[in-house]
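Before any comments, here is the structure.
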Amino acid sequence: MGKKHIFDDPRNVKRLLKIFFSFVIILLILDVLYIFLSKAHVIHRHINYKWEEFFGFYAFFGFVACVILVLVSKYILRPLVKRREDYYDN
Amino acid sequence: MTTNILPAFIFMIGSLLIPFFRGRAKSIYMMAIPVAGFLNLLYLPTGDHYLVNFAGLELVLLHVDRLNLLFGYIYHIISLITVIYILNFKNNVEYVAGFMYAGAALGVVFAGDFFSFFVFWEMLTIGSVMLIWARKTKSAQAAGYRYLLVHVFGGLVLFSGIVLHFNQTGSLELVKISLSGISSYLIFLGIGINCAWPILHPWLTDAYPESTIGGTVFLSAFTTKTAVYALARFFPGTEILIWIGVGMAAFPIFYAVIENDLRRVLAYSLINQVGFMVVGIGIGTQLSINGACAHAFNDVLFKGLLFMSMGAVMYRTGKIKATDLGGLYKSMPWTTLFCCVGAASISAFPLFSGFVSKSMVMAAAAKGSYLPGQASYVIVWLILLFASAGVFHHAGIKIPFFAFFGHDAGHRVKEAPKNMLIAMGIAAFLCIFIGVYPKPLYSILPFPVDYHPYTISHVLSQTELLFFSALAFTLLLLAGIYPSEIRALNLDADWIYRKLGKQIYRTLDKGLNPLNSFCESIVRGVTTGLALFFRDAAAKLSLFVAVNFWLLAGYRDKRLEIKKNRLYNDISQGTLSIGIAAAVAVSFILLVLIIIYFKEA
């Protein structure tokens, strides 16, 4: 098929995943740093709720929310609502 | 310098002339309409104009203030972008209907009284249904009819509310309405149908993906946002809106995960985004209303951009189901890039437009939760956060991933046409511009803005939220748990009228129609029997009497037959000679007299 494209090479996909995973880890490190700095009153942290200060609250919430979203959609909603594509036609 | 031309009329009258232009002149003319409208808008003085007395009603055709100017600006911008996008379709129906529809939306937001508000509201339905029918497929036709029925019903609900409201107050002035009394609830519900509230929503997810490629871009901008405007105008601070909005933000994301048609995924995420706006209006503080309006402004752009990128994919490949797509980044790199900008904007990544508006609503909810009696706003905040993660999941990752990356479906097509790329480019530029430099947007919001999106905590927490959502997607995909796309249809609330309604109709048909025909046969039998009997009852009776006399008089055989026939015909046709008729009458009177005489005696 003519030209080779960037993600045709599995090594590039792996590289992308590596970059992504390292970003995720950097974010967690930044979170620790941020908690530390705001506790030491170096920078002000604006929060609405106490739990926002917990380590990795947003990370945890985002991850769990999406896992729940996918599991509920796949194992509860889909079996309930899935029909053949011509369901309404006859 | 000031002008006072009705914004709606520029679009509507302008649209009628489109079919008379040809070639390049047509393209230039069509792009000139929204530009001229925008210039007019810049010089419109605030206040009421065109006070008309119509059939004893005080009408205000043009009312201008900060709230509707904001919607006016974005409607003009998206009209220009969409027109550039559809220049290559050469379909006059789509052009005229598109401008009529956009004009109707402008008419609604700039209306200064309930009557003109309602007239333009109905025109919205007409313009939009034309855009659906313009696709000219059987399913589009059917979806268009369903769409029309729902909106005609919604229009009637709104209309009856307005009539009752006018009856009670004697005024058509557009005022804040508090939910009390039937008229306010009817207006509330009428607007709610256009706003796609849960259970009232399936007209949207049913019809939008069936429209033409350009039509869907038009549709995504106007109907729901006009309803959001109407809620902001009439029902700010109505608490039930918060919970309606939370429902809108939460339920569609589950559907979006399992939906196969990518434009339908976007339709679900449209409801999800409008949910944030409805929550903002329900909270009703200056911050939250600002947030709702800013998010409406941004949503028109990034949702338009996403629909445009999916339209471009559909235009080139002829496919829109996730099962038929994948790997298009190879042949449509620009479309891929623009789609990713739209995806980042709707997901509220820092430096993209959603980031500066969605969080205003959430901040308002968080602030509200500290007021006495509003502790439940914490739940609102948590669900909105869940919905933020969810929207990234389906609109931010799923759309680009399944269309442009994922497994290669083998489409080797050309990049989207130049005009489509330009339109997407403008929208993408605006999404980034507003994200990086939100000040111009903040300056046109209804209330003064004291909100700073770019704090360290906001940037860090939002990035964390999104990256870990992406992490969940990646891990679930690698583990094979992520639901594979399936060619299937997912039931939604439209099942009520598409299947249950049909079943009820059939049951009634099977049960009541036989009963009906049974009753009919009885009535028919009795009446035809009676009619047959009375047709010649007199003649038969006379024959019965006369034959005895004739037999006594010695008539037999043929002569008797002739006599019988003659008498039968004479009586049934009324051709008895006058003498006999008189004799019968006289003898009848005599008979009566004799009876009376004997009775007296």
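The values are calculated or read from the model by the stated rules, or taken from the named source; none is laboratory data. If you're wondering where the values come from, they're calculated on a predicted model, not measured in any experiment. Cβ atoms come from the backbone with ideal geometry, glycine included; neighbour counts cover every protein chain shown.
Only one of these is within 17 Å of B:G282 (Cα to Cα) and part of a loop (DSSP other than H, G, I, E, B): B:W243, B:W197. Name it.
Every option except B:W197 fails the conditions.
Since B:I444 meets every condition but one in (1) within 30 Å of B:F71 (Cβ to Cβ); (2) touching a Gly at 6+ places or on another chain (Cβ under 8 Å), which condition does it not meet?
Checking B:I444 against (1) within 30 Å of B:F71 (Cβ to Cβ); (2) touching a Gly at 6+ places or on another chain (Cβ under 8 Å), the one that fails is (2).
Pull up region B:270-293, narrow it to residues that are out of contact with any Gly (no Cβ under 9 Å at 6 or more places or on another chain) and surrounded by 24 or more Cβ atoms within 10 Å (Cβ to Cβ), then point me to the one that is nearest to B:E239 (Cα to Cα). So that I can check it myself, show each step before the final result.
Of all residues in region B:270-293, those out of contact with any Gly (no Cβ under 9 Å at 6 or more places or on another chain) come to B:270-271, B:286.
This time we only want the ones that are surrounded by 24 or more Cβ atoms within 10 Å (Cβ to Cβ), so: B:270-271.
On the way: B:L270: 22, B:I271: 19 Å.
For region B:270-293, the residue satisfying everything is B:I271.
Would it be correct to say that B:A250 is of a type in the set (G, A, S), surrounded by fewer than 24 Cβ atoms within 10 Å (Cβ to Cβ), within 14 Å of another protein chain (Cβ to nearest Cβ) and in contact (Cβ under 8 Å) with a residue 60 or more places away in the chain?
Taking the combined requirement at face value, the residue satisfies it.
From the list B:L325, B:L266, B:L287, which residue is of a type outside the set (F, W, Y) and under 19 Å from the mean Cα position of the chain (by Cα)?
It is B:L266.
In region A:47-85, what residues are under 22 Å from B:H452 (Cβ atoms) and touching an Asp or Glu at 6+ places or on another chain (Cβ under 9 Å)?
A:I47, A:F57, A:Y58
Could you check how many residues of region B:485-526 are closer than 23 Å to B:A207 by Cβ, small (G, A, S) and away from chain A (no Cβ under 11 Å)?
1
Looking at (1) on the phi > 0 side of the Ramachandran plot; (2) modelled with pLDDT of 95 or more; (3) not acidic (D, E), which one does B:I77 not meet, given that it meets all the others?
Going through the list (1) on the phi > 0 side of the Ramachandran plot; (2) modelled with pLDDT of 95 or more; (3) not acidic (D, E), B:I77 breaks only (1).
From the list A:V42, A:V64, which residue is more than 7 Å from every other protein chain (Cβ to nearest Cβ) and at pLDDT below 80?
Criteria check complete, one pass: A:V42.
Give me the residue from region B:291-334 that is at pLDDT below 95 and of a type in the set (S, T, N, Q) and, out of that set, farthest from B:Y73 (Cα to Cα).
Among those that are at pLDDT below 95 and of a type in the set (S, T, N, Q), it is B:T323.
If A:I29 satisfies every condition in (1) at pLDDT 80 or above; (2) at the interface with another protein chain (Cβ under 7 Å from one of its Cβ atoms) but one, which is the exception?
The failed condition is (2).
Among the listed residues B:L51, B:L61, B:L67, B:L41, which satisfies the condition of being touching a Pro at 6+ places or on another chain (Cβ under 9 Å), of a type outside the set (D, E, K, R) and either free of Cβ contacts under 8 Å to residues at least 40 places away in the same chain or over 19 Å from B:V300 (Cα atoms) (or both)? Before you say what the answer is, go through the steps one by one.
Working: B:L51 fails: touching a Pro at 6+ places or on another chain (Cβ under 9 Å); B:L61 fails: touching a Pro at 6+ places or on another chain (Cβ under 9 Å); B:L67 fails: either free of Cβ contacts under 8 Å to residues at least 40 places away in the same chain or over 19 Å from B:V300 (Cα atoms) (or both).
The conditions single out B:L41.
Exactly one of these conditions fails for B:G425: (1) of a type outside the set (D, E); (2) within 24 Å of A:F60 (Cβ to Cβ); (3) touching a helix residue (DSSP H, G or I) at 6+ places or on another chain (Cβ under 9 Å). Give me its number.
(2)
So which residues in region B:308-350 are within 14 Å of chain A (Cβ to nearest Cβ) and of a type in the set (S, T, Y)?
B:T323, B:Y329, B:S331, B:T336, B:S347
Where in chain A are there helices (runs of 4 or more DSSP H), lying wholly inside it, with at least 2 residues that are small (G, A, S)? Break it down stepwise before answering.
Numbers: elements: A:10-39, A:57-72, A:78-81.
In chain A, the matching helices (runs of 4 or more DSSP H) lie at A:10-39, A:57-72.
Within region B:213-226, can you find the residues that are in contact with a Phe, Trp or Tyr (Cβ under 9 Å, 6 or more places away or on another chain) and of a type outside the set (D, E, K, R)?
The answer is B:I213, B:G214, B:G215, B:T216, B:V217, B:F218, B:L219, B:S220, B:A221, B:F222, B:T223, B:T226.
Which residue out of B:S461, B:S469 is buried (at least 20 other Cβ atoms within 10 Å of the Cβ), within 14 Å of chain A (Cβ to nearest Cβ), touching an Asp or Glu at 6+ places or on another chain (Cβ under 8 Å) and of a type in the set (S, T, N, Q)?
B:S461
Going by the conditions given, is A:L71 over 24 Å from B:S359 (Cβ atoms), without any contact (Cβ under 8 Å) to a residue 12 or more places away in the chain, more than 7 Å from chain B (Cβ to nearest Cβ) and surrounded by 11 or more Cβ atoms within 10 Å (Cβ to Cβ)?
Yes: the conditions hold for A:L71.
Consider B:R487 carefully, then state whether it is exposed (fewer than 13 other Cβ atoms within 10 Å of the Cβ) and in contact (Cβ under 8 Å) with a residue 24 or more places away in the chain.
yes
Can you tell me which residues in region B:364-391 are under 17 Å from B:V274 (Cα atoms) and facing chain A (nearest Cβ under 8 Å)?
Hits for region B:364-391 are B:W381, B:L385, B:F386, B:A389, B:G390.
Inside region B:360-394, can you point out the residues that are surrounded by fewer than 24 Cβ atoms within 10 Å (Cβ to Cβ) and of a type in the set (S, T, Y)?
Listed by number, the residues that qualify are B:S369, B:Y370, B:S376, B:Y377.
Looking at region B:407-427, can you tell me whether even one residue there is under 32 Å from the mean Cα position of the chain (by Cα) and within 11 Å of chain A (Cβ to nearest Cβ)?
No: zero hits.
If you take the residues of region B:428-458 that are surrounded by fewer than 17 Cβ atoms within 10 Å (Cβ to Cβ) and of a type in the set (F, W, Y), which of them is nearest to the other protein chains (Cβ to nearest Cβ)?
That would be B:Y454.
Output the residues belonging to region B:519-539 that are touching a residue at least 12 places away in the same chain (Cβ under 8 Å) and either assigned to a helix (DSSP H, G or I) or within 11 Å of B:K564 (Cβ to Cβ) (or both).
B:R535, B:A538, B:A539 - these are the residues of region B:519-539 that are touching a residue at least 12 places away in the same chain (Cβ under 8 Å) and either assigned to a helix (DSSP H, G or I) or within 11 Å of B:K564 (Cβ to Cβ) (or both).
For B:Y555, all conditions in the list (1) under 30 Å from A:D89 (Cβ atoms); (2) outside any helix (DSSP H, G or I) hold save one; what is the number of the exception?
(1)
Yes or no: B:H407 at pLDDT below 90, within 22 Å of B:G304 (Cβ to Cβ) and either buried (at least 18 other Cβ atoms within 10 Å of the Cβ) or not polar (S, T, N, Q) (or both)?
No.
Tally time: how many residues in region A:1-26 are among the basic types (K, R) and within 10 Å of another protein chain (Cβ to nearest Cβ)?
Total meeting the criteria: 2.
Can you name every residue in region B:394-448 that is closer than 13 Å to B:L306 by Cα and among the small types (G, A, S)?
Within region B:394-448, B:A395, B:G396, B:A403, B:A423, B:G425, B:A427, B:A428 qualify.
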